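Enquirer: Before anything else, here's the structure in question.
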Amino acid sequence: MEATIGNLVIIVAVGVLAPLLARLIGTWLAIPVVVFEIVLGIVVGPDALGWVTSDEHTELIANFGLAMLFFLAGAEIDFRELRGRPLTTALAGWLVSLGAALGLSFLLAPHVGAAVFIAIALTSTALGTIMPMLRDAGDLRSPFGIAVTAVGAVGEFAPLIAISLFLSGRSPVQASLVLLGFAVIAGLAIWGAARGVGAEFERLVTATLHTSGQFAVRLFMIVTITLVGISVVLGLDMLLGAFTAGVLYRLLMNGSDEAQSKVIGSKIDAVAFGVFVPVFFIYTGVTFDLDALLASPTALALVPIFLVALLLLRGLPSLLSLPRGANRLDRGAMVLYGATGLPIIVAVTAIGVDQGDLGTEVAAALVGAGMLSVLIFPLLALWLRRRSSDAPTTGPDDDYVPTVA
């Protein structure tokens, strides 16, 4: 327990330092805060300074931060804006990515099991990482931002379905039945939420909004934990439950007026991005097996291969979702955003290593490529987008209500 407390003290200190560095360096170069969180995590981790080590309690908090990242992704998606062409083309692009990734993976992997793990990892897009950047840039509700959101939504949800179907250790038939069971439970909950929650519910939310009751925030916690728990009990990936919880919560809060929704959204963002999500990214840096990567020439060689593969196999198919008439700079930004992936890669490689299908060197190379994609691609995408003739002229999306509708 003492080790956990020591770990958390340093991780929280790093979490405070990261936005300060981002603000300081942002005077010359706008770098997403997640970059500093990951890099500082590596610095304080066991392969560098050794101030923070992995332990099960810190890992539990980090996993909850990952779940909250997926909750926020699900909660911030407005499916009314994505339906039709954005969602259809995003799904088509993901299927192209999957086919191409399977082809490459069978060339690189020693057996079928490893190939499937690698392919699913290479088809992911880090929507939970990208959306805050789009929002801060005032680009979340532009046609370009909607297209990126559609690509990210499919790039997170489709790999989660693939994990549940093919990487759960069950036969495809059993996995499909379990997934169907979860879909029925989640569908009934979403159907009930979409019908409305009633005036008494709204009064309770309003009455506790500025008191110690904080019903809306507590509801967010119970919805997330319940659906994550159901997915774990059913043997599905917890991130599927977290993503679904975000969708459900958005529907539950649909009746709130705009001013109230802003307050609720800011409170949930404070809990997520102020506490738990940074722990996940910092702990990702802490647990990154830098020694295994540096000690293996093969693993080192795979990092740039996987990084280029993300661009070619995931980024290029994302172009299908671009709004018609998009210029060259927007095409480049879309490729870079679509190729940004880390959370799913972390989850997939962890499962692969635990099941013995994926070697630690390959897993480290995949995570390393995912980390580099988060460190480099969004930064370049933001730079290209700012220079686009179609770029937003306003600042952050202050009128956008985060996490709730």
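The values are calculated or read from the model by the stated rules, or taken from the named source; none is laboratory data. The structure presented is a predicted model; accordingly, all values stated were derived computationally and were not measured. When we count neighbours, we look across all protein chains shown, and the Cβ atoms used for this are built from the backbone with ideal geometry, even at glycine. Note: accessible area is taken over every heavy atom of the protein model, side chains too, but ligands, DNA and RNA are not part of it. Shrake-Rupley method; radii C 1.70, N 1.55, O 1.52, S 1.80 Å.
Enquirer: Suppose we filter segment 32-87 for residues that are touching a Leu at 6+ places or on another chain (Cβ under 8 Å), open to solvent by less than 20 Å² (accessible area, probe 1.4 Å) and farther than 17 Å from T129 by Cβ; how many remain?
Expert: 2
Enquirer: With the checklist (1) touching a helix residue (DSSP H, G or I) at 6+ places or on another chain (Cβ under 6 Å); (2) surrounded by fewer than 24 Cβ atoms within 10 Å (Cβ to Cβ); (3) over 20 Å from P317 (Cβ atoms) in hand, flag the one item L140 doesn't pass.
Expert: In the conditions (1) touching a helix residue (DSSP H, G or I) at 6+ places or on another chain (Cβ under 6 Å); (2) surrounded by fewer than 24 Cβ atoms within 10 Å (Cβ to Cβ); (3) over 20 Å from P317 (Cβ atoms), L140 misses (2) alone.
Enquirer: Okay, next question. Restricting to segment 230-266, name every residue that is surrounded by 18 or more Cβ atoms within 10 Å (Cβ to Cβ) and not hydrophobic (A, V, I, L, M, F, W, C).
Expert: Selection gives S231, D237, G241, T244, G246, Y249, R250, S256, Q260, S261, G265.
Enquirer: Is it the case that segment 280-287 has a residue that's touching a Gly at 6+ places or on another chain (Cβ under 8 Å), in contact (Cβ under 8 Å) with a residue 40 or more places away in the chain, aromatic (F, W, Y) and open to solvent by 40 Å² or more (accessible area, probe 1.4 Å)?
Expert: Here is the first cut: in segment 280-287, the residues touching a Gly at 6+ places or on another chain (Cβ under 8 Å) are 280-287.
After this cut, where a residue has to be in contact (Cβ under 8 Å) with a residue 40 or more places away in the chain as well, the list is 280-287.
From the residues that got through so far, the ones that are aromatic (F, W, Y) too are 280-281, 283.
Next cut, open to solvent by 40 Å² or more (accessible area, probe 1.4 Å) only: none.
Taking every residue of segment 280-287 in turn, none turns out to be touching a Gly at 6+ places or on another chain (Cβ under 8 Å), in contact (Cβ under 8 Å) with a residue 40 or more places away in the chain, aromatic (F, W, Y) and open to solvent by 40 Å² or more (accessible area, probe 1.4 Å).
Enquirer: If you don't mind, there's one more thing I want to ask. What pairs come up if the first residue lies in segment 295-318 and is outside any helix (DSSP H, G or I), the second is open to solvent by 50 Å² or more (accessible area, probe 1.4 Å), and their beta carbons are under 7 Å apart, counting only those six or more places apart or on different chains?
Expert: S296/E361
Enquirer: Confirm whether A364 is part of a helix (DSSP H, G or I), at pLDDT below 90 and either crowded, with 24+ Cβ neighbours inside 10 Å or charged (D, E, K, R) (or both). Working first, answer last.
Expert: Numbers: part of a helix (DSSP H, G or I): yes; at pLDDT below 90: yes; either crowded, with 24+ Cβ neighbours inside 10 Å or charged (D, E, K, R) (or both): yes.
Yes.
Enquirer: Just to be sure I understand the filter: pairs with C-beta atoms under 8 Å, separated by 6 or more residues or on different chains, first member in segment 325-337 and under 10 Å from V148 (Cα atoms), second member of a type in the set (S, T, Y) and open to solvent by less than 40 Å² (accessible area, probe 1.4 Å). Which pairs pass?
Expert: Listed pairs, sorted by first residue: A333/S388; M334/S318; M334/S321; V335/S318; Y337/T125; Y337/S318.
Enquirer: Mind counting the residues in segment 340-356 that are closer than 15 Å to M131 by Cα and either touching a Lys or Arg at 6+ places or on another chain (Cβ under 8 Å) or open to solvent by 10 Å² or more (accessible area, probe 1.4 Å) (or both)? Break it down into steps so the answer makes sense when it comes.
Expert: At the first step, the residues of segment 340-356 found to be closer than 15 Å to M131 by Cα are 340-343.
From what is left, the residues that are either touching a Lys or Arg at 6+ places or on another chain (Cβ under 8 Å) or open to solvent by 10 Å² or more (accessible area, probe 1.4 Å) (or both) are 341.
Summing the residues that are closer than 15 Å to M131 by Cα and either touching a Lys or Arg at 6+ places or on another chain (Cβ under 8 Å) or open to solvent by 10 Å² or more (accessible area, probe 1.4 Å) (or both) in segment 340-356 gives 1.
Enquirer: Looking at (1) surrounded by 22 or more Cβ atoms within 10 Å (Cβ to Cβ); (2) in a loop (DSSP other than H, G, I, E, B), can you tell me which one A147 breaks?
Expert: Here A147 clears every test but (2).
Enquirer: With the condition kept exactly as written, say whether any residue in segment 106-113 is at pLDDT below 90, β-branched (V, I, T), on the phi < 0 side of the Ramachandran plot and open to solvent by 10 Å² or more (accessible area, probe 1.4 Å). Don't jump to the end; show me each part of the working.
Expert: Going through segment 106-113, the residues at pLDDT below 90 turn out to be 106-113.
Those still in the list that are β-branched (V, I, T) too: 112.
Filter once more, so that each one left must be on the phi < 0 side of the Ramachandran plot: 112.
Narrowing the set further to residues that are open to solvent by 10 Å² or more (accessible area, probe 1.4 Å) leaves 112.
Yes, the conditions are met somewhere in segment 106-113.
Enquirer: If we keep just the residues of segment 289-339 that are more than 24 Å from G128 (Cα to Cα) and not hydrophobic (A, V, I, L, M, F, W, C), which is most open to solvent (accessible area, probe 1.4 Å)?
Expert: Here the residue is R324.
Enquirer: For T27, only one of the following conditions fails: (1) at pLDDT below 85; (2) open to solvent by less than 40 Å² (accessible area, probe 1.4 Å). What is its number?
Expert: Every condition holds for T27 apart from (2).
Enquirer: Same structure, new question: Kindly indicate whether any position in segment 189-197 is open to solvent by 40 Å² or more (accessible area, probe 1.4 Å), assigned to a loop (DSSP other than H, G, I, E, B), modelled with pLDDT under 85 and not β-branched (V, I, T).
Expert: Checked against the condition, which is being open to solvent by 40 Å² or more (accessible area, probe 1.4 Å), assigned to a loop (DSSP other than H, G, I, E, B), modelled with pLDDT under 85 and not β-branched (V, I, T), segment 189-197 yields at least one hit.
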